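Q: Before we start, here is the structure in question, set down as structure tokens.
The values are calculated or read from the model by the stated rules, or taken from the named source; none is laboratory data. Predicted model only: the values in this text are computed from it and were never measured. We place every Cβ from the backbone using ideal geometry, glycine too, and count neighbours over all the protein chains shown.
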């Protein structure tokens, strides 16, 4: 049976960036959440499941100095590095399954658009939440984007878990206060729409 890592390595080896449903030429919603918090340029910021997303380009352009991008797929990160050229040296690239992630630092800003919803077992969800609880600094921020209720039930051939504002908030309420949630319709490169939920949280 193919492993999760093998699945994603194949996806990023065989499909162009605009041939996957999650592609965004500019991650508008993620950037708008990020800009709410006015973080200093030495803040530790991480994009979980960042793949070859263009969010890292925005962090670099804004002058952030401690940027981390994690993805299970080395192929995905290599594509981002190739796009960025010499600027890729300004980023810490981490090839890891997020549920096995052992950070060397704590983060002031943790962003995840569409990685968390691939965790469908209670064990993996609890591992993710525990890592976020332990490695986001006090007063740090967590931004999560997942498929909303009524959104897709699968992505890239894999089962996903849909979230509502209430169900996502319940997952993180022990160590985080919810700031706000928004529903968004993501338009895919194939001219279809997907229901997304984005929630922001503040570490207690």
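Q: Go through the residues of the range 133-153 one by one and say whether even a single one is farther than 22 Å from residue 201 by Cβ and either out of contact with any strand residue (DSSP E or B) (no Cβ under 7 Å at 6 or more places or on another chain) or without any contact (Cβ under 8 Å) to a residue 24 or more places away in the chain (or both).
A: Yes - at least one qualifying residue is present in the range 133-153.
Q: Show me the strands (runs of 3 or more DSSP E) entirely contained within the range 1-110 in which 3 or more residues are touching a strand residue (DSSP E or B) at 6+ places or on another chain (Cβ under 8 Å), farther than 30 Å from residue 179 by Cα and touching a residue at least 60 places away in the same chain (Cβ under 8 Å).
A: Fully inside the range 1-110 and qualifying: nothing.
Q: Right, next: In the range 117-128, which residue that is in contact (Cβ under 8 Å) with a residue 12 or more places away in the chain and closer than 13 Å to residue 161 by Cβ is surrounded by the fewest Cβ atoms within 10 Å (Cβ to Cβ)?
A: 120
Q: In this structure, is residue 64 out of contact with any helix residue (DSSP H, G or I) (no Cβ under 6 Å at 6 or more places or on another chain) and modelled with pLDDT under 95?
A: So residue 64 does not fit the description; no.
Q: In the range 149-169, which residue that is modelled with pLDDT under 75 and under 18 Å from the mean Cα position of the chain (by Cα) is surrounded by the fewest Cβ atoms within 10 Å (Cβ to Cβ)?
A: 154
Q: A follow-up question, please. Pull up the range 111-125, narrow it to residues that are in contact with a strand residue (DSSP E or B) (Cβ under 7 Å, 6 or more places away or on another chain) and not in a loop (DSSP other than H, G, I, E, B), then point me to the one that is modelled with the lowest pLDDT.
A: Among residues in the range 111-125 that are in contact with a strand residue (DSSP E or B) (Cβ under 7 Å, 6 or more places away or on another chain) and not in a loop (DSSP other than H, G, I, E, B), the one modelled with the lowest pLDDT is 118.
Q: Using the structure shown, decide if residue 60 is surrounded by 15 or more Cβ atoms within 10 Å (Cβ to Cβ), more than 16 Å from the chain's Cα centre (by Cα) and farther than 21 Å from residue 3 by Cβ.
A: In short, yes.
Q: Only one of 72, 45 is buried (at least 18 other Cβ atoms within 10 Å of the Cβ), more than 16 Å from residue 114 (Cβ to Cβ) and touching a helix residue (DSSP H, G or I) at 6+ places or on another chain (Cβ under 9 Å); which?
A: Every option except 45 fails the conditions.
Q: Then there is this: Which one of these does residue 124 not meet: (1) under 15 Å from the mean Cα position of the chain (by Cα); (2) more than 23 Å from residue 55 (Cβ to Cβ)?
A: Exception for residue 124: condition (1).
Q: Just to check your reading of the model, which residue among 23, 34, 12 is under 26 Å from residue 185 (Cβ atoms) and at pLDDT 80 or above?
A: Of 23, 34, 12, the one residue that is under 26 Å from residue 185 (Cβ atoms) and at pLDDT 80 or above is 34.
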